[in-house]
Structures are given as C-alpha cells and as structure tokens.
Amino acid sequence: MSEVRTLKVALLGCGNVGAQVARILIDDAEALAARSGARLELSGIAVRTIDSPRDVELPRELFTTDADTLVKDADLVIELMGGIEPARSLILTAIQNGACVVTGNKALLAQDGPTLYEEADKAGVQLSYEAAVAGAIPILRPIRDSLSGDRITRVLGIVNGTTNFILDQMDSTGAQFADALAEAQRLGYAEADPTADVEGHDAAAKAAILASLSFHTRFSLDDVYCEGITKVSAEDIASAKEAGFVIKLLAIAEKIDSSDHGSGISVRVHPTLLPREHPLAAVRGAFNAVFIEAENAGELMFYGQGAGGTPTASAVLGDLVSAARRLVLGGPGRTETTTGHVPALTIDASDTSYYIGLDVADQAGVLARIAHIFAENGVSIEIMRQTIHRDSASNVESAELKIVTHRASEAALAATVEAVKGLDVINSVTSVLRVEGV
Ligand code: NAP
C-alpha cells in the first residue's frame, strides 16, 4: 500500500473561526485525511498573544507569534486573522512559496483580490475563499463551478446577518433602527462599533466578490455603490408592510443593457423593498441567503448561516480538503476566469422599480397633478394608494400616498422626485426606496 502523504497546515488566527477550524482539524483528522487523500497536520497557529483566552482548548506548543516562519514551512495556509496587513503579505509569501491558501477575509479580497488572484495564478496554486461570502453557505463554488456552463444574469443576496437581524426586528416589533441595533448588540449579533455592518461596507465587499465570480470580471470595492440601513425608519418599514413589502439590505449584481450608459454590470448595496412572497423575504433573523437568476438554470436560492465560528469553519474546511486533494493529485490550482471584461456601471445606469411615500394635502386634483409629473419624466406608475389622515387637534385632513413605479432609471426617478417636491400640495416626501422582485 502506498504511503499516505502528510501536508503541513499553517493556521493564521485563532479567534471565532480559527479556533473552530483548529478543533475540527484535530478532532476529525481521520475523516479529513480520507477525503483529502493526505494527512492534514496542523503545524502551528499564529496569533498576536499566545496566552489569550480561547474558545477551544488546544495544545500550547502549537501557538506562535512568528507567522512568517510558520507560513514558509507550510503546504497549506489558512488565513483567519482578518484585516489587510499582515494578512496580505503573509498570503503573498505563502503563494510565492507554493502553498495553497484558504481565507475568509472579504475585506482584503474586495480591496486587493486581483493582486492575490494573479499571484496565485502565476504560482499555479489554489486560493480559495468560500467563507468570505455568506459564512457557511456554499455559494462561491456553485457560482464558479456548477454554473460555469450557464450565464448568470442577476444575483440578489442577503449577505450581512447583522443588518438582516435589525431589519427583521424592526419589521416584526415596529422598533426604530436605534432600538433594534441596541437589541442586536445585546444579543451579540452586532459589534460595539457596528459601522461596517449598518453602513453596508461588509455587504459591499461581498457584493464585489459575488459580482466578480458571477460575471467573470474583477470588480473591487470601488465599483460598488453602497447605502446602509441607518436611514430606514420604523415608518418606512410600516408603510412597506402595509403595501405588501418587506425591507432587506440587498447586495445586487446584475447585467444591464442601458441605451444611455451602455452594457455593463451594476454592483450595489442598498435597502430594498421586496414583495413579501419573494423567497428572500422569508429570510429571518441573522440568516443569509443568495438568490441567483441564470439564463438556463432559472432561479436558484442558497440559504443558511452567514456567520459564526463553527458554521464558517465548515466552509474553510471544505476549501482546505479541496486544496489538499489538488496537491495530492497534482496539476495547477483552479484559476479565476476573467473572460468577461465587462465594465462596472455607476448607480445612474441602474434601473429598478421605486417605492415613494408622499404626505400630501387632501385636495381635489392632487393625484392627477402628481401622476402628470411622473408621466412627464417617463416614470410609469404601477401602484398608487391613498390613505386619509385627520389631525384631531386641527381637524385638518392630509393624505398619505404610496406609489410603486415600474422600472425606471435613477436619473428619471431623481428628476421626478425633485419636480414632485416643488408642488404646493406636497407636505413632504417621506421615503424613496428601491424595489426588487416585482
Ligand atoms: P477574530 O475572532 O478577531 O480572530 C482573529 C485572530 O487573528 C485572533 O486569534 C488574533 O490573535 C489573530 N490575529 C489578528 N491580528 C494578528 C496579527 N497581526 N498577527 C497574528 N495574529 C493575529 O476574527 P474571526 O471572527 O475569527 O474572523 C477571522 C476572519 O474570518 C476575518 O477575515 C473575518 O472577516 C472572516 N469571517 C469571519 C466570520 C465570523 O463569523 N466571525 C464569518 C465569515 C468570515 P489573538 O487571538 O492573539 O488576538
């Protein structure tokens, strides 16, 4: 019987995810060896502080603060430190030394992925990052491999659990944003500084990765239009609900053929109204899901836990086994296909449906005047609903108008809203939100 090869695995980082990866590497060594065709030997774990408390008890002799030396002596490197440096330099060192790399570092990939992919291609090693988007959900490999014979036209993702939890709380309890955020922090779903999540930056990094793989072109964070959820109010949620919608923070990548802006890919993150019957509307709490539309496959949805040490470790180990198998069998690493070369379009080129809330005077002819402005700007109305309110103190009646448009360009919509604001019968524009899935 031929001798089973041993591959040295260097682990960089032993936090939420790294500690679980180390545990599984040790506890499931036999099963992982059977699936990889090689023994995966955890050769060391690089951390900042050796004696920091850990979620998992691990042999102390595995720990080191000398990540450089650890990386240089490894066949496989798992980067779970996060941040840009030293993660970036360590990954480059690993690649240049011929090691395959597995990472969950979406911030680094969105910022400098192209350099890393090119270096990996040149060295003929595999760089895998399933954990970087939607945690445990196998989504990148299905896009890259299973759908490589198809043409993806649109990707809609709930890829940030914190914001989904907050919006879901607001939807189910009527809470304002600040209260729902405080609850998310109390339960450990949001960090003390929630900026990266609530401003949409984390989702934007994932949108860049999803768009790159879906459209075979390298997109970076600079190509992503990003709007977070801090301005979404309880009133927006309530009126969306009344009109049969739910508000989700979506990462969207879609192919657009625009007469004004040409063909390209719109990559964006923003709060979005979805019909309550849309499959993504059913994604509750901190769960993630990615909805894909492809020319031949039609609609597909991938759902699961988007974060957490153990679920994310599952994605990391899947990549590790696949990279190990590649080392055992030989041959070059799987390269990124960048055959698309389609340009990223700015938000002005995107065309979606819109939801507009208006507080208007309850007078005859108001609806006709508003409808006229929409028509003048080429924005066609799909739904218009009016609710009358009477202020008990002043006895003055006002009306709340909710309008859902057909698909329209950002520019046409902006011009419409500006013109509507100028009407003397408009008390205020209460919300302007994009709608998908209608
Ligand atoms: P974490 O809990 O903050 O752990 C980071 C680990 O890296 C710690 O063990 C830390 O060492 C070590 N580290 C940081 N800087 C270092 C340095 N300069 N030198 C050596 N060691 C260093 O992070 P995490 O939540 O496990 O996330 C790790 C990566 O996975 C990130 O890129 C994150 O975006 C990604 N990810 C996380 C999740 C999740 O649910 N947490 C989900 C998907 C993807 P000490 O322990 O000594 O401080």
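The values are calculated or read from the model by the stated rules, or taken from the named source; none is laboratory data. Keep in mind that what you see is a predicted model, and the values were worked out from it rather than measured. Here the Cβ is made from the backbone with ideal geometry for all residues, glycine too, and neighbour counts use every protein chain on show. The protein model used for the area step is the full one, side chains on, heavy atoms only, and it has no ligands, DNA or RNA in it. Shrake-Rupley method; radii C 1.70, N 1.55, O 1.52, S 1.80 Å.
The number of residues in region 282-329 being within 16 Å of the ligand (Cβ to nearest atom) and touching a Pro at 6+ places or on another chain (Cβ under 8 Å) comes to 6.
Quick grid of which residues meet (1) open to solvent by less than 60 Å² (accessible area, probe 1.4 Å); (2) closer than 25 Å to Arg276 by Cβ; (3) in the same structural domain as Arg154 (by TED's automatic domain parsing):
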{"site": "Glu382", "(1), (2), (3)": "no, yes, no"}
{"site": "Ala393", "(1), (2), (3)": "no, no, no"}
{"site": "Thr405", "(1), (2), (3)": "yes, yes, no"}
{"site": "Ala408", "(1), (2), (3)": "yes, yes, no"}
{"site": "Gly422", "(1), (2), (3)": "no, no, no"}
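For residues in region 61-74 being open to solvent by 50 Å² or more (accessible area, probe 1.4 Å) and touching a helix residue (DSSP H, G or I) at 6+ places or on another chain (Cβ under 9 Å), which is nearest to the ligand (Cβ to nearest atom)?
Asp68
Residues that are under 15 Å from Ala323 (Cβ atoms), free of Cβ contacts under 8 Å to residues at least 40 places away in the same chain and in a helix (DSSP H, G or I) within region 88-120 comprise Ile91, Ile95, Leu116, listed in sequence order.
For Lys241, the stated conditions do not hold, so it cannot be described as of a type in the set (Lys, Arg) and open to solvent by less than 10 Å² (accessible area, probe 1.4 Å).
Considering only residues that are at pLDDT 95 or above and in contact with a Leu (Cβ under 7 Å, 6 or more places away or on another chain), look in region 167-197 and name the one that is nearest to Phe245 (Cα to Cα). Checked region 167-197; the qualifying residue nearest to Phe245 (Cα to Cα) is Leu167. Each residue in region 14-37 was checked for being open to solvent by less than 20 Å² (accessible area, probe 1.4 Å) and out of contact with any strand residue (DSSP E or B) (no Cβ under 7 Å at 6 or more places or on another chain), and 2 of them qualify. Return the residue satisfying two criteria in turn: it lies in region 16-37 and is farther than 18 Å from Ser322 by Cα and among the polar types (S, T, N, Q), and of such residues it is nearest to the ligand (Cβ to nearest atom). My answer is Asn16. Listed by position, the strands (runs of 3 or more DSSP E) contained in region 356-438 that have at least 2 residues being without any contact (Cβ under 8 Å) to a residue 24 or more places away in the chain are 381-390.
If only residues of region 85-94 that are of a type outside the set (Val, Ile, Thr) and open to solvent by 20 Å² or more (accessible area, probe 1.4 Å) are counted, the one that is nearest to the ligand (Cβ to nearest atom) is Pro86. For residues in region 1-13 being part of a loop (DSSP other than H, G, I, E, B) and more than 16 Å from the ligand (Cβ to nearest atom), which is most open to solvent (accessible area, probe 1.4 Å)? Step by step, filter region 1-13, then rank; the result is Met1. So which residues in region 142-166 are out of contact with any helix residue (DSSP H, G or I) (no Cβ under 6 Å at 6 or more places or on another chain), open to solvent by 10 Å² or more (accessible area, probe 1.4 Å) and either within 16 Å of the ligand (Cβ to nearest atom) or within 11 Å of Lys206 (Cα to Cα) (or both), if there are any at all? Within region 142-166, Gly161 is the sole residue that qualifies. On the stretch given as region 38-60, residues that are more than 30 Å from the chain's Cα centre (by Cα), buried (at least 16 other Cβ atoms within 10 Å of the Cβ) and either within 11 Å of the ligand (Cβ to nearest atom) or part of a loop (DSSP other than H, G, I, E, B) (or both) total 1. The residue that is farthest from Cys14 (Cα to Cα), among those in region 301-324 that are open to solvent by 50 Å² or more (accessible area, probe 1.4 Å) and modelled with pLDDT of 95 or more, is Met301. Of the residues screened, Gly82 is one that is within 9 Å of the ligand (Cβ to nearest atom), open to solvent by less than 50 Å² (accessible area, probe 1.4 Å) and of a type outside the set (A, V, I, L, M).
It is to be established whether one or more residues within region 130-141 are away from the ligand (no atom under 16 Å from the Cβ) and crowded, with 18+ Cβ neighbours inside 10 Å.
no
Counting only residues that are surrounded by 21 or more Cβ atoms within 10 Å (Cβ to Cβ) and away from the ligand (no atom under 14 Å from the Cβ), region 95-126 holds 6 of them.
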